[in-house]
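Input: a single structure, listed below in structure tokens.
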Amino acid sequence: MPTCTPIYGLTYATCSDRPCDIGDTFCEFADQVETELDRLDGIVDRSVDTVPQARVRLTIPRQQGTNPGGGTLVLVPFDTVDVDTANMVDLVSDPFTITLPRFGVYFIHFNVEGTTAGAGNFITASGRTGGGGFQGQVASQLYLDDGSPLFLSSSGMFRYQSSIPAGTGGYTTTDPRIVLNVSASAVATPITSVTFEIHWMRDLS
């Protein structure tokens, strides 16, 4: 009776199999191996030469939003695309958003340079829902330094998939659109420049 390999579940013959059955078992094994090789080829084809990644920048200094009541999130608009290997950015139609091209695990990083900021302001990278809300927060950093200039950076891993499994908290989203936003306070946050980048790391396991 044939059995299977422990990791990929490839069917192979055992010593107890009848000789007349081994040919069919071997053909099934070959088909399964070919399927796995095709899957690996697909990953290599889309990632070895051009890993899906994007990097955008804000180069024009701006006062980033005010909200006397506090708590409102204001999107950061970008004006420059440094890298985009998978058509993830269209600053003409949407200067705020990087759109993920496929399900997977992504590395997200941002750098911010400002002048001064009041206590309580922060920068957050998050998924943007169709209704304009936010979910899947992945990277944030308190913006508390009152010095000048002010530098800030943060990084995180992000899972984009069709459903949010229990226990994953804020690290998974069903929305492929990723934005960078600043919490608006009573005083506008002065920002000199921002770099925001996303890199595909691997398929979902």
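Where a number appears in this text, it was derived from the coordinates with a stated rule and is not lab data. Remember, predicted model here, so these are calculated numbers, not experimental data. Methodologically, a virtual Cβ is constructed for each residue, glycine included, from the backbone with ideal geometry; neighbour enumeration extends over all protein chains shown.
What does the net charge come to around residue 162 if you take all other residues with beta carbon closer than 15 Å to its beta carbon, with K and R at +1 and D and E at -1?
Here the charged neighbours net out to +1.
7 Å from Cα along Cα→Cβ at both residue 27 and residue 153: what's the point-to-point distance in nm?
Modelled inter-label distance: 5.8 nm.
Name the long-range amide H neighbours of residue 85: under 5 Å, sequence gap of 5 or more, or other chain; modelled H, no Pro or chain starts.
Amide H to amide H, under 5 Å and 5 or more residues apart or across chains, residue 85 pairs with 53.
Hey, fewest Cβ within 10 Å first, where do 58, 150 land in order?
By the 10 Å Cβ count, ascending: 150, 58.
Hey, rough spin-label estimate for residue 93 and residue 63, points 7 angstrom out along Cα→Cβ, what's it come to in nanometres?
Reported label-point gap for residue 93 and residue 63 is 3.3 nm.
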